[in-house]
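The values are calculated or read from the model by the stated rules, or taken from the named source; none is laboratory data. As the structure is a computational prediction, the values presented were derived from the model and not from experiment. Here the Cβ is made from the backbone with ideal geometry for all residues, glycine too, and neighbour counts use every protein chain on show. Just so you know, the surface numbers come from the protein's heavy atoms only, side chains and all, with ligands and any DNA or RNA stripped out. Shrake-Rupley method; radii C 1.70, N 1.55, O 1.52, S 1.80 Å.
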Amino acid sequence: MEESTPRLIRDTASDGPCLRVLGRWTAAQLTLPGVWNTVETSLAGLPAEAGVRWDLRDVQRLDHLGAQALWNHWGRRWPERLETQPEQRAMLERVARFSVPPPTLRRRTLWERFLSLGELVFKVTDHAQDLLRLIGQLLLDLVRLARAPGEGPWRDFTGHIYQIGATALPITALVGFLIGVVLAYLTAQQLRLFGAEIFIVNILGLSLIRELGPVLAAVLIAGRSGSAITAQIGVMRVTEELDAMRVMGIPQGFRLVMPRAMAMAIAMPLISLWTTVAALVGGMLAADLVLGITPSYFINNLPRAVMVSNLWLATGKTAVFGLLIALIGCHYGLRVKPNTESLGQGTTASVVTSITVVILVDALFAVVFKNIGI
Amino acid sequence: MMPPTASPPGNPPASASPGAEARPPVVDIRGLWSVFHKAGTDTVVHKDLDLTVRQGEFLSIVGGSGSGKTVLLRQILGLQTPTRGNVTVLGKPAAVLGTQGAASRVGMLFQHGALYSAFTVLENIAFSLRELKCLPEALIRDAALLKLQMVGLDVKHAHKMPAELSGGMIKRVALARALIMDPPLLLLDEPTAGLDPESADAFCNLLRSLHHELGLTVVMVTHDLDTLFELSTRVAVVADQRIIVNAPPREVIAFPHPFIHEYFLGERGQRAMELLREYPFTV
């Protein structure tokens with residue numbers, strides 16, 4: 001055992017039993033591996049005898065944690081007989097003075113938990129109200145922009161187009177291409193069973209242009225740019241930049257929400273088109289390799305298989321997706337509270353909500369336009 | 001193992017000033033160079049800088065803006081590696097300071113508190129102790145409550161989140177967190193910046209009494225001359241990319257250098273100097 005290890009020695013002096021405390025009773029020592037267990041065992045193993053004398057004079061060093069440990073062992077009161085150095089006594093006195101029962105953290109009762117279910121409803125309506133207000137503000141801002149187009153935040157707008165659109169081109173092309181290849185391979189297996197190989201053009205063309213391309217692009221952009229929008233605006237809340245804007249009289253909707261929403265509504269259909277083309281190229285390649293359907297046949301038959309109205313539907317749909325992703329991103333960004341935890345929660349909620357909403361709205365489009373283009 | 005620099009039992013807390021030179025160094029900086037590369041040009045911040053902080057000192061580092069005071073503090077903490085030179089803290093290189101149990105060697109009060117915003121006040125204070133996972137929860141909680149009250153906060157604030165605290169309270173909680181394992185060395189970055197005069201005074205008194213009672217070695221970076229004269233037992237002045245003087249405040253003021261003349265004997269300095277007559281530097 002080392003000299004500095006905190007320990008207890010029981011002596012029997014002429015005036016009764018004596019407990020000598022030795023070693024360094026410091027946080028650094030007590031938190032070394034295994035030390036606390038030994039100390040606790042030796043403290044617990046002490047026989048409860050009245051009139052025992054505690055001798056702290058040979059302790060090498062006593063800090064607050066060591067003093068607290070002894071104080072707790074003494075049952076939060078002074079032992080009957082105690083011998084200390086003056087500064088050890090000062091340390092113990094400080095611990096004694098500040099030893100209070102911890103404030104209780106009030107737990108919620110069952111009734112309050114039941115009531116919190118109702119709070120959930122209020123929370124949802126609160127979100128809905130905020131979102132509605134955001135949309136209304138966006139419309140007002142668009143009117144203002146239409147009246148004075150020269151005063152619009154065009155630099156922000158083009159910057160967002162670049163960030164949301166141009167920088168997303170490689171990843172969306174890669175994902176689209178691979179999905180096209182996978183889809184073509186899977187359907188080719190099934191079509192061959194029926195000898196209906198040439199219908200791969202119809203299947204790929206319709207599913208990719210009408211559904212998969214737009215949804216795939218929207219999900220990717222929601223994860224990529226929706227989260228970025230929430231994080232940007234959220235950080236502005238944490239660093240009080242939003243408050244600074246308000247103080248300067250710069251409207252948040254006009255400068256933050258509108259350029260993002262507009263950029264998203266324009267970039268999203270373009271990205272969707274790009275993803276669809278990449279997926280079709282992948283599918284075309286796979287069809288050539290697996291079924292021997294040449295790219296020229298594929299391209300010639302595509303207009304016959306898929307009506308142009310599908311393209312218009314996809315474009316309109318993705319513009320709505322983009323608008324929704326931007327609005328949801330801004331909505332959660334503006335609701336971030338000035339702490340880092342809320343920022344993380346807001347970003348997560350933003351991505352999850354926007355992906356869910358994209359799929360919901362897509363289903364809505366599918367039902368409403370079921371007679372068009374098929 | 002604890003480094004051999006903590007005061008042995010029986011010694012009075014570091015209040016006695018005689019024999020200061022004999023006390024062991026806690027921070028030892030030798031031949032330090034800090035060079036920053038930016039846009040193709042090198043900026044030399046420190047050039048062959050030496051600094052020794054001895055046990056029990058309350059050393060203030062002063063210097064103009066951009067003279068590298070905070071950089072120096074970060075280098076002492078091992079957060080930043082100097083371009084050249086050695087930084088020894090408690091007998092070990094600063095780079096190995098941040099290993100397990102670092103909270104028992106050095107405490108740092110960051111300028112803006114740096115409280116973990118996801119934790120309550122009590123969890124923030126107890127964090128480093130709890131992470132070692134060897135003490136019982138009740139003892140950790142008691143130790144954290146003790147430090148909370150030692151920095152002058154009421155226990156009713158224990159379950160608040162950092163976002164609910166005022167600036168002065170954030171500083172106090174951050175100080176309690178830095179002190180949880182009673183480290184022998186405490187570093188302070190602008191401890192009174194952003195506090196109202198009353199809070200700043202209260203915080204100064206708190207720091208002074210902690211320094212006195214716990215025998216801490218303190219290194220402080222500050223621009224506040226009142227705080228400087230109230231607390232420091234020594235002042236180190238960073239100018240011309242090195243420490244031009246490291247001495248008790250009275251000697252520093254008398255040191256002939258244009259920067260010191262401007263810094264201490266300007267209009268603001270004169271006002272703070274009144275304090276010199278009030279506080280006889282016995283802390």
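Observations
- Qualifying residues in segment B:116-134 (those that are open to solvent by 30 Å² or more (accessible area, probe 1.4 Å) and in a helix (DSSP H, G or I)) - the one farthest from the other protein chains (Cβ to nearest Cβ): B:Phe127
- The residue that is most open to solvent (accessible area, probe 1.4 Å), among those in segment B:181-198 that are within 14 Å of chain A (Cβ to nearest Cβ) and either assigned to a loop (DSSP other than H, G, I, E, B) or at pLDDT below 80 (or both), is B:Gly194.
- Lone qualifier among A:Glu83, A:Glu112 - being of a type outside the set (Phe, Trp, Tyr), in the same structural domain as A:Ala28 (by TED's automatic domain parsing), more than 25 Å from B:Glu137 (Cβ to Cβ) and open to solvent by less than 80 Å² (accessible area, probe 1.4 Å): A:Glu83
- Inter-residue pairs, beta-carbon under 6 Å, first under 13 Å from B:Leu185 (Cβ atoms) and in segment B:80-94, second assigned to a loop (DSSP other than H, G, I, E, B) and β-branched (Val, Ile, Thr), 6+ apart: B:Leu90/B:Thr5
- Condition check for A:Gly159: open to solvent by less than 40 Å² (accessible area, probe 1.4 Å), within 22 Å of A:Ala349 (Cβ to Cβ) and within 27 Å of the chain's Cα centre (by Cα): no
- Annotation note: Cβ proximity below 7 Å between a residue of segment A:221-236 that is touching a residue at least 12 places away in the same chain (Cβ under 8 Å) and a residue that is among the basic types (Lys, Arg) (sequence gap 6+ or interchain) occurs for A:Ile229/A:Arg260.
- Selected residue [more than 9 Å from chain B (Cβ to nearest Cβ), open to solvent by less than 20 Å² (accessible area, probe 1.4 Å) and without any contact (Cβ under 8 Å) to a residue 40 or more places away in the chain] from A:Leu70, A:Leu43: A:Leu43
- Among helices (runs of 4 or more DSSP H) entirely within segment A:29-114, having at least 1 residues that are over 27 Å from B:Leu179 (Cα atoms) and either among the aliphatic types (A, V, I, L, M) or in contact with a Pro (Cβ under 9 Å, 6 or more places away or on another chain) (or both) singles out A:35-44.
- Taking the listed residues B:Thr99, B:Thr88, B:Thr81, B:Thr70, the one that is open to solvent by 20 Å² or more (accessible area, probe 1.4 Å) and under 24 Å from A:Leu30 (Cβ atoms) is B:Thr99, with no other qualifying.
- Single residue of A:Ala222, A:Ala231, A:Ala188, A:Ala218 found to be open to solvent by less than 40 Å² (accessible area, probe 1.4 Å), touching a Phe, Trp or Tyr at 6+ places or on another chain (Cβ under 7 Å), part of a helix (DSSP H, G or I) and of a type in the set (Gly, Ala, Ser): A:Ala218
- Only one of the listed residues (A:Thr167, A:Thr172, A:Thr84, A:Thr109) is within 14 Å of chain B (Cβ to nearest Cβ) and β-branched (Val, Ile, Thr). That residue is A:Thr84.
- All positions within segment A:294-310 that are surrounded by 15 or more Cβ atoms within 10 Å (Cβ to Cβ) and either within 14 Å of another protein chain (Cβ to nearest Cβ) or touching a helix residue (DSSP H, G or I) at 6+ places or on another chain (Cβ under 6 Å) (or both): A:Phe298, A:Asn301, A:Leu302, A:Ala305, A:Val306, A:Asn310
Here is a yes/no grid of residues against (1) more than 30 Å from A:Gly234 (Cβ to Cβ); (2) open to solvent by 40 Å² or more (accessible area, probe 1.4 Å); (3) out of contact with any Lys or Arg (no Cβ under 7 Å at 6 or more places or on another chain):
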{"site": "A:Pro269", "(1), (2), (3)": "no, no, yes"}
{"site": "A:Thr275", "(1), (2), (3)": "no, no, yes"}
{"site": "A:Gly292", "(1), (2), (3)": "yes, yes, yes"}
{"site": "A:Trp312", "(1), (2), (3)": "yes, yes, yes"}
{"site": "A:Ile325", "(1), (2), (3)": "no, no, yes"}
{"site": "A:Cys330", "(1), (2), (3)": "no, no, no"}
{"site": "A:Lys337", "(1), (2), (3)": "no, yes, yes"}
{"site": "A:Thr347", "(1), (2), (3)": "no, no, yes"}
{"site": "A:Ser354", "(1), (2), (3)": "no, no, yes"}
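- Within segment A:25-40, the set of residues being surrounded by fewer than 22 Cβ atoms within 10 Å (Cβ to Cβ) and among the small types (Gly, Ala, Ser) comprises A:Gly34 only.
- Qualifying residue in segment A:53-62 (condition: in contact (Cβ under 8 Å) with a residue 24 or more places away in the chain, within 20 Å of B:Ala144 (Cβ to Cβ), touching a helix residue (DSSP H, G or I) at 6+ places or on another chain (Cβ under 9 Å) and within 13 Å of chain B (Cβ to nearest Cβ)): yes
- Every residue from segment B:135-180 that is more than 10 Å from every other protein chain (Cβ to nearest Cβ) and outside any helix (DSSP H, G or I): B:Val151, B:Gly152, B:Leu153, B:Lys160, B:Leu165, B:Ser166
- Matching residues in segment B:199-228 - criterion: being assigned to a helix (DSSP H, G or I), among the charged types (D, E, K, R) and more than 14 Å from chain A (Cβ to nearest Cβ): B:Asp201, B:Arg208, B:Asp226
- The requirement of being modelled with pLDDT under 95 and either assigned by TED's automatic domain parsing to the domain that holds A:Gly283 or under 26 Å from the mean Cα position of the chain (by Cα) (or both) is not satisfied by A:Phe177.
- Looking across A:Leu256, A:Leu212, A:Leu204, one residue alone is under 30 Å from A:Thr294 (Cα atoms), open to solvent by less than 50 Å² (accessible area, probe 1.4 Å), in a helix (DSSP H, G or I) and not β-branched (Val, Ile, Thr). It is A:Leu204.
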